[in-house]
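Just below is one structure, and these are the notes that go with it.
The values are calculated or read from the model by the stated rules, or taken from the named source; none is laboratory data. Treat the numbers as computed from the prediction; the structure is a model and nothing was measured. Positions of Cβ are generated from backbone atoms using ideal geometry, with glycine treated the same way; all protein chains shown enter the neighbour counts.
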Amino acid sequence: MTAHTSPRALRAAAPVLDCAARLFARHGSRGPGVSELIRRIALETGADTASLRRAFPTRTDLAYAVVLRSAHERVDGQLAADRPDLPAVERMASLVRRHVETGWRHRAASALAHELLPVLRAVHPARHREVGSLLRLYREHMRGIIEDGAAAGAFAVRDPGRAADEVLETLDSLLYWYDPDAGLSLDGLGAVYVDLVVHHHLGSPR
């Protein structure tokens, strides 16, 4: 994205980026080129075509903006909602529920990130670092909660960093199997993952 990539600018472009995420999810990495994507986005959102072309000269620019906005919303939201005054078990349970909810809402952008990040590493290292720094911030935030819980005797883990990695991998698995039409609500899914993370991965007594 050649325009501003601050969280405020990305929020302002939310309808455009939501539409772009749907198009990427629908057509995959070998889908339409940037001109066709911009034409469809302008048609669906009413955005000015010339402005879109200036903001997103390439398909990679558009994909990057989608991924960056998603990362900001997920990470910034988690950090803002955390309650450090609460016990670590409650903090982790709340984090897991939010992760499930936002992870499902941003599933198209998360899938796109898996394709985009290796490309950014090779051709846009600064952009790769920007997205990567947000993901590391989230991982460190989670590690801190686990560390607090382990120090308080609530979590039975020896390596909070490794535990954070395992929890994140488990949480991201919902992108590959969850079907909201199969009878399990999103709230129910959150409860399943809270139990899996808090009691199985982190060893908190039931």
Those residues of region 159-186 which are farther than 26 Å from L134 by Cα, of a type outside the set (S, T, Y) and modelled with pLDDT of 90 or more amount to L184
Can you run down the residue pairs with Cβ atoms below 9 Å, 6 or more apart or on separate chains, where the first is in region 98-118 and aromatic (F, W, Y) and the partner is in a helix (DSSP H, G or I)? W104/L174; W104/L175; W104/P180; W104/L186; W104/L189
Please specify each residue of region 79-121 satisfying the condition of being closer than 20 Å to P15 by Cβ and either among the charged types (D, E, K, R) or modelled with pLDDT of 95 or more (or both). R105, R107
Restricting the search to region 27-37, which residues are surrounded by 13 or more Cβ atoms within 10 Å (Cβ to Cβ), at pLDDT 90 or above and either among the hydroxyl-bearing types (S, T, Y) or under 18 Å from A109 (Cβ atoms) (or both)? V34, L37
Determine whether region 5-26 contains at least one residue that is over 27 Å from Y176 (Cα atoms), of a type in the set (V, I, T), exposed (fewer than 15 other Cβ atoms within 10 Å of the Cβ) and modelled with pLDDT under 80. no
Restricting to region 111-129, count the residues that are in contact with a Ser or Thr (Cβ under 9 Å, 6 or more places away or on another chain) and buried (at least 17 other Cβ atoms within 10 Å of the Cβ). 5
Would you mind stating whether A71 is touching a residue at least 60 places away in the same chain (Cβ under 8 Å) and either touching a His at 6+ places or on another chain (Cβ under 8 Å) or buried (at least 20 other Cβ atoms within 10 Å of the Cβ) (or both)? yes
